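A.B. asks: A single structure is presented below for examination.
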Amino acid sequence: MEPNKKMGTAAGNGWSMIEEEKQSATPAAASTMSPPETDAITAEEQNKVGIMRAVVEAQDPSAKELGDDLMLRRFLRAREMDIEKASALFLKYLSWRHSFIPSGSILDADIPNELAQQKLYMQGHDKQNRPIVVAYGAKHKPQKSTLEELKRFVVFTLERICARLPAGQEKFMAIADLQGWGYTNSDIRGYLAALSILQDCYPERLGKVFMVHSPYIFMTAWKVIYPFIDPKTKKKIVFVENKNLRDTFLEDIDESQLPDVYGGMLPLVPIQDA
């Protein structure tokens, strides 16, 4: 179903919550984008990173091996360069990582039910050299897995994405395809858990996410999720009308890198094989 054209960003009015995100997906808005220079750490950022490093390493020595300067900067940026808030977030992340991924990685064998759903793929790079991830909302079957396995799958996915990031690139692009999404796919607890992991444990990794083929009934879930999305993340969400889909994609992605399901040249590869 094609989305209603009358949209906005107010959190309580269905499709009206996303007018700004959708408007930002028009070719005129996207055409100003150009590949950025390598995002080198500035002198001011380096100073704050140094102070933050001293703070977190004093409280958790594992910060020395788990947090390089770019990672610390991402946490700082996620908290508006506030050292105290960024340090608290990073220490919380370290505690979570020690308990949730004690072995250091999630294996295929740890998430068999999630992988069997074949709902997430990765292939190609956009014009900023960000890896492209495609997720199919209608393939998510919460009744066939558990919340804990879904969390492991989210971590597995994000670790795979991060491992594939090209040199000089810290972010990825996502396409969330909601064609065929229905109430049997709705999973508010799962969505909020995934959002928490992305925002709190992998901050500043998401560059942009295109929401495509969004059915009207999806807004029942979106209205619940929206208030929990960080303001920085909200700015990265773009709802795209079906009629603008290919043109919008081609503003950010060369045809040679666009997944073939959207008229490009690259076949999708399951996340576990990427």
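A.B. asks: Counting Lys +1, Arg +1, Asp -1, Glu -1, what net charge surrounds residue 270 among other residues with beta carbon under 12 Å of its beta carbon?
C.D. replies: Net of charged neighbours comes to 0.
A.B. asks: May I ask you to give the percent of accessible area on region 158-274 that is carbon plus sulfur, with a probe radius of 1.4 Å?
C.D. replies: 55
A.B. asks: May I pose another question? Which values, in whole Å and largest first, are the semi-axes of the equivalent ellipsoid of the chain obtained as the square root of 5 times each eigenvalue of the Cα gyration tensor?
C.D. replies: Over the Cα atoms of the chain, the ellipsoid semi-axes are 30, 22, 19 Å.
A.B. asks: Given axes a ≥ b ≥ c from the Cα gyration tensor, I'd like to know whether region 146-253 is rounded (a/c under 1.5), prolate (a/b larger than b/c) or oblate.
C.D. replies: oblate
A.B. asks: I would also like to ask the following. Provide the percentage of antiparallel DSSP beta bridges, counting only those with both residues in region 57-176; round to the nearest 5.
C.D. replies: The antiparallel proportion sits near 50 percent.
A.B. asks: Working from Cα positions, state the angle (0 to 90°, nearest 10) between the long axis of helix 83-100 and the longest principal axis of the chain.
C.D. replies: Tilt relative to the chain: about 80 degrees.
A.B. asks: Please compute the per residue accessible area over the chain with all protein chains in place, 1.4 Å probe, rounded to a whole number of Å².
C.D. replies: On a per-residue basis, the chain sits at 47 Å².
A.B. asks: Another question about this same structure. Provide the net charge surrounding residue 260, with neighbours chosen by a C-beta distance below 14 Å and charges set as Lys +1, Arg +1, Asp -1, Glu -1.
C.D. replies: -2
A.B. asks: Another question about this same structure. Compute the longest continuous run of the chain that contains no exposed GluC sites (Glu not before Pro); treat a site as exposed when its DSSP state is not H, G, I, E or B and it has at most 12 other Cβ atoms within 10 Å.
C.D. replies: Here the longest segment lacking exposed loop sites spans 81-274.
A.B. asks: Okay, next question. Can you tell me which of 194, 40, 176 moves the most in a GNM of the chain? Springs connect C-alpha atoms under 10 Å apart.
C.D. replies: 40
A.B. asks: From the square roots a ≥ b ≥ c of the eigenvalues of the alpha-carbon gyration tensor of region 95-153, which class results: rounded (a/c under 1.5), prolate (a/b over b/c), or oblate?
C.D. replies: oblate
A.B. asks: Now, a different point. Report for region 106-211 the percent antiparallel among DSSP-assigned beta bridges with both residues inside it, nearest 5.
C.D. replies: 30
A.B. asks: Antiparallel DSSP bridges in the chain: what percent, to the nearest 5?
C.D. replies: So the antiparallel bridges in the chain amount to around 25 percent.
A.B. asks: Give the lysines reachable from residue 144 as a straight Cα distance under 28 Å; neighbours fewer than 8 places away on the same chain don't count.
C.D. replies: Partners found: 119, 223.
A.B. asks: Next up: Do the sum for the chain: with -39,500 (n - 2.57) for every DSSP H run of n ≥ 4, divided by all residues, what is the mean residue ellipticity at 222 nm, to the nearest 500 deg cm²/dmol?
C.D. replies: Using -39500 (n - 2.57) per qualifying helix, the result is -12000 deg cm²/dmol.
A.B. asks: Quick one: net charge around residue 161, please, counting Lys, Arg +1 and Asp, Glu -1 for every other residue with C-beta under 12 Å from its C-beta.
C.D. replies: Summing Lys and Arg as +1 and Asp and Glu as -1 gives +3.
The values are calculated or read from the model by the stated rules, or taken from the named source; none is laboratory data. From a predicted model like this one, the values you see are computed outputs, not experimental measurements. Every residue, glycine among them, receives a Cβ derived from its backbone with ideal geometry; neighbour counts consider all protein chains shown. Please note that ligands, DNA and RNA were not included when accessible areas were found on the heavy atoms of the full protein model with its side chains. Shrake-Rupley method; radii C 1.70, N 1.55, O 1.52, S 1.80 Å.
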